[in-house]
Amino acid sequence: MGLSARDIAFVIAISGVTTLNVFLLGSVTVALPTIGRDLHFQEADLHWPVNVNSLSYGCLILFCGRLGDIIGGRFMFLVGSMWFAIWSLATAFAPSSTIFIVDMALLGIGSAANTPAAIGLCSSYFPPGENRNKAFSVLGVGQPVGFILGLIASGLLTESRATWRSLFYIQAALAVFFVCLAFVAFPKDRSNRRYEKGLDWGGVVLSTAGLGLLTYSLSDSTTASKGWLAPQVPSLLSVSILLLVIFVYFERWRESRNKSVLIPPSIWRQPGAKLGPLVGVVFFGWFSFDTLNYFFTLYYQQVQLLNPLQTSLRFIPMAIAGAIPSIAAGYFVARVPAQILMLFGLLVSMAATLIFALINPDLGFWRMAFFMMITIVGVDIVYPLGNQQIAATFDEDSQSLAGSIFSVTTRLATALGLAVTSGIAASVSKAYNEKHPHLDAESPEVLMVGFRAAGWTCFASTVLSIMVVIFGLRGLGVIGKRACASEHAARPDDLQLRELREGEHVNSKLRQGVPESLNIKGAAIQG
């Protein structure tokens, strides 16, 4: 059945806000040099705006996901998005570098609140079937397109009289629009099931501290003067790993006593869910995708010596091509096994890593770099497919938490990817420069040697992702089939009808001798 006007408004609201979250990162990435000059940043501090945004987002994403399941996804989405709008406007008026950095950190909190809530709301609003497939495909389109549009808009506006501040005016205005649209289109929270065991505060503290220190140490390794050899980097990294290990055992202990948990450890062992391999595919895929986007920018500006506007224009083909994988996922998800779709997308994406590793800077854009820009987006097909499978795996009272799994995975993959590849690129370029001392250390020839090494590293990461798909997702099958006869029957605003249908399903299972504790939602989807 087709989407109604309310359905369309719902999808526009959730996809619009999640697009703005990544639009922010794309725009700031290009605009940072201009922002740095305007606000008198020290050169060593230029990395902090993006790092603190990722830090606050990564620290709080699991906490906000579970909080959304407790107090309601609608409330979390509206509050998080309004928070994002307020601090976007505040950032536009930032008078100094310190205030700008603080504003960017506060923006990350809004993103952490509304992103998992958006995915959870999408899962609970649409039952498994054609409309859910469409909704997740649109949601998937927003991730790459938002980042790339941010790059393009930043290049256009920072090179004009509009200045970088106009980016945040636009961002704030759009956020308010999507909040108003969501307020009208979203069903009331009272119709959704809630997580009733309460908040696992011990898990919140351990996961927040562990993820925060991990993100910080990885980010710091790319900017510290000694890189990985800086004493604080391995120290904080070790502490973060220790805290996350304690978090895992703490969650197991709480779940064994039927207490509230932040992430139920048993979910990783659920038959047919394939959650571990899915997270692995996303991690290695986004390790390559986000890292290459970063090095593409460096390649155009430091090797081909293009200005921000010229660089941004070269991302337009990527923005257009970025919609294709998610749209294809929405069409084929109910027809083709997810393993085949993911494998095809990753093979296309792998072509981009090879082109970048072998690229000839002297060739024109349309002869080589163009094909690199349009193939890198192949990995985007994984996002809507994986989110649908995770939504089917988690219970209905944990859909916002489910929405946070991929989000925290992609951020950690990006942080590790930039840390590893930046270190490799720097060391390879340094070694090459030592063999050719007549060249300047910042010359395009020296830098390109390191960039190629980064490209081969991304190639290896994509290969790992493909291996996980081949061996870890075997038997995943088609995940987008309709699981109920009527899509309207399971909408949140038809609560009584949904409960009646589920009650009949429970009685049927009881008559067959199946325990009542069976996960009805998961059984219906897997069946």
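Summed over the residues of the chain and divided among them, the accessible surface reaches 41 Å² per residue at a probe radius of 1.4 Å. Matching the structure-derived Rg/Rh (Cα atoms, Kirkwood Rh) against the labelled list [x] 1.00; [y] 0.97; [z] 1.06 gives the label [y]. The alpha carbon centroids of region 145-186 and region 317-389 are separated by 25 Å.
Relative to the longest principal axis of the Cα atoms of the chain, the long axis of helix 232-256 lies at roughly 0 degrees.
Between the helical axis of 5-39 and the longest alpha-carbon principal axis of the chain there is an angle of about 20 degrees.
Restricting region 199-263 to trypsin sites (Lys or Arg not before Pro) that sit in a DSSP loop and have at most 14 other Cβ atoms within 10 Å of their own Cβ leaves Lys226, Arg257, Lys259. Of the GluC sites (Glu not before Pro) found in region 117-208, those that fall in a DSSP loop while having at most 13 other beta-carbon atoms within 10 Å are Glu196. When each of the peptides 165-171, 110-116, 142-148 is scored by the mean number of other C-beta atoms lying within 10 Å of its residues, the order from highest to lowest reads 110-116, 142-148, 165-171. Return the carbon/sulfur percentage of the accessible area of the chain, one whole number, probe 1.4 Å, all protein chains in place. Reported share for carbon and sulfur atoms: 66 percent.
For a protection proxy built on the mean count of beta-carbon atoms within 10 angstrom, sort 359-367, 25-33 highest first, please. Don't skip to the end; give the middle numbers.
On the way: 359-367: 11.7, 25-33: 22.8.
My ranking of the peptides, most packed first, is 25-33, 359-367.
Computed from the Cβ-Cβ distance with R0 of 60 Å, the FRET efficiency linking Phe75 to Leu363 stands at 0.70.
Which loop-located chymotrypsin sites (Phe, Trp or Tyr not before Pro) does region 77-137 contain, where loop means any DSSP state but H, G, I, E or B and the Cβ has at most 15 other Cβ atoms within 10 Å?
Phe93
Estimated purely from DSSP H runs of n ≥ 4, each contributing -39500 (n - 2.57), the mean residue ellipticity at 222 nm for the chain is -25000 deg cm²/dmol once divided by its residues. Using only Cα atoms and rounding to the nearest 10 degrees, what angle (0 to 90) does helix 338-358 make with the longest principal axis of the chain? It is inclined by approximately 0 degrees. Note on region 275-304 and region 1-72: Cα centroid distance 18 Å, given to the nearest whole angstrom.
The values are calculated or read from the model by the stated rules, or taken from the named source; none is laboratory data. Not measured: the values here are computed from a predicted model. Counting neighbours? That spans all protein chains shown, and the Cβs are built from the backbone with ideal geometry, glycine included. Only protein heavy atoms, including side chains, enter the accessible area calculation; ligands, DNA and RNA are left aside. Shrake-Rupley method; radii C 1.70, N 1.55, O 1.52, S 1.80 Å.
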